[in-house]
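First the structure, in the form of structure tokens, and then the observations on it.
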Amino acid sequence: AIASEALDMGFAEVQWDYVRFPDVTASQRQSMVYPGSGDVTREDNIQQFLAYSKEHLRRYRVPITADVFGLVTYMDGDVGIGQNWEKVITTADVVLPMVYPSHYYAGMYGFQAPNAHPYEIIRISMQDAVERTRPVYAVGGRAGEIIPWLQAFTADYLRDGLTYGASQLRNHIQATYDSGLKSWVLCNPATS
């Protein structure tokens with residue numbers, strides 16, 4: 001109903017931000033109960049929600065998009081939060097992985113300090129997304145467009161002395177293009 005109201009007001013798309021289950025420990029996850037979910041898995045629940053919203057908002061003829069964690073392009077399964085790359089990319093019109101190098105763990109893609117290697121982290125993670133989407137097209141399936149969220153902020157909490165500025169943003173954008181993608185968006189929590 002809120003999405004319909006926003007579209008009636010003139011918005012041009014519906015972007016489901018953080019379409020996920022809580023990010024908690026495995027033991028906490030096992031004790032959580034979701035009334036009405038039955039035997040539906042987290043990843044199927046999210047896929048069904050995206051499909052449901054597309055169907056109910058079809059008359060607006062606008063894209064239905066979903067933000068996912070950057071690690072979803074790399075990890076199998078649902079990353080513990082219901083975000084499964086293959087299920088989201090085949091349901092949403094656009095999928096926006098949040099590929100902020102500051103959010104990748106030490107050792108990811110072979111980098112002890114991923115935040116210090118933004119070009120590589122973004123390019124490799126987006127190549128993963130493209131590669132994981134390719135089989136969908138190979139069998140004649142439909143997949144959404146991949147548009148990464150790029151880090152337009154300095155992660156002061158890392159205390160690594162790295163500052164993100166204009167040259168780093170150009171670097172992030174180039175990594176996106178070098179992975180074969182043509183669009184991107186910038187995230188800076190200080191300006192939202």
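The values are calculated or read from the model by the stated rules, or taken from the named source; none is laboratory data. Owing to the predicted nature of the structure, the values given are computational and were not obtained by experimental measurement. Because the Cβ atoms are built from the backbone with ideal geometry, glycine has one as well, and the counts that use them run over all protein chains shown. These area figures cover heavy atoms from the full protein model, side chains too; ligands, DNA and RNA do not enter into them. Shrake-Rupley method; radii C 1.70, N 1.55, O 1.52, S 1.80 Å.
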Seminar exercise, completed: Across (1) within 18 Å of Tyr18 (Cα to Cα); (2) without any contact (Cβ under 8 Å) to a residue 60 or more places away in the chain, Met98 clears everything bar (2)
Exercise. Which one is farthest from Ala6 (Cα to Cα), of the residues in region 35-59 that are at pLDDT below 95 and more than 21 Å from the chain's Cα centre (by Cα)?
Worked result: Asp39
Exercise. Just one of the numbered conditions (1) over 18 Å from the mean Cα position of the chain (by Cα); (2) of a type in the set (Ser, Thr, Tyr); (3) open to solvent by 70 Å² or more (accessible area, probe 1.4 Å) is not true of Tyr164; which one?
Worked result: (3)
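Scanning for something on the phi > 0 side of the Ramachandran plot, open to solvent by less than 70 Å² (accessible area, probe 1.4 Å) and either acidic (Asp, Glu) or over 21 Å from the mean Cα position of the chain (by Cα) (or both), does region 78-92 turn up at least one residue? Let's see the steps before the verdict.
So the first thing to find is which residues in region 78-92 are on the phi > 0 side of the Ramachandran plot, and the list is 79-80, 82.
From the residues that got through so far, the ones that are open to solvent by less than 70 Å² (accessible area, probe 1.4 Å) too are 79-80, 82.
With the extra rule that they be either acidic (Asp, Glu) or over 21 Å from the mean Cα position of the chain (by Cα) (or both), the set shrinks to none.
No: zero hits.
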For this session: State whether the residues of region 67-78 include one that is out of contact with any Ser or Thr (no Cβ under 7 Å at 6 or more places or on another chain) and free of Cβ contacts under 8 Å to residues at least 12 places away in the same chain.
Result: yes
Problem set entry | Looking only at region 115-147, and only at residues there that are more than 21 Å from Thr90 (Cα to Cα) and at pLDDT below 95, the one that is surrounded by the fewest Cβ atoms within 10 Å (Cβ to Cβ) | Ala116
Exercise. If only one of Arg42, Arg20, Arg58 is free of Cβ contacts under 8 Å to residues at least 60 places away in the same chain and under 25 Å from Asp128 (Cβ atoms), which one is it?
Worked result: Arg42
Exercise. Of the residues Val62, Val94, which single one is of a type outside the set (Asp, Glu), modelled with pLDDT of 95 or more, in contact with a Gly (Cβ under 8 Å, 6 or more places away or on another chain) and closer than 12 Å to Val14 by Cβ?
Worked result: Val94
Exercise. Residues of region 167-192 being among the hydroxyl-bearing types (Ser, Thr, Tyr) and open to solvent by less than 50 Å² (accessible area, probe 1.4 Å), which ones?
Worked result: Thr176, Ser179, Ser183
Exercise. Just wondering, is there one or more residues in region 119-130 that are among the hydroxyl-bearing types (Ser, Thr, Tyr) and in contact (Cβ under 8 Å) with a residue 24 or more places away in the chain?
Worked result: yes
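Which is touching a helix residue (DSSP H, G or I) at 6+ places or on another chain (Cβ under 8 Å) and more than 24 Å from Pro189 (Cα to Cα), of Thr25, Thr90? Full working, then the answer.
Values: Thr25 fails: touching a helix residue (DSSP H, G or I) at 6+ places or on another chain (Cβ under 8 Å).
It is Thr90.
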For this session: Among the residues of region 96-114, write down those that are open to solvent by 40 Å² or more (accessible area, probe 1.4 Å) and closer than 10 Å to Gly70 by Cβ.
Result: His103
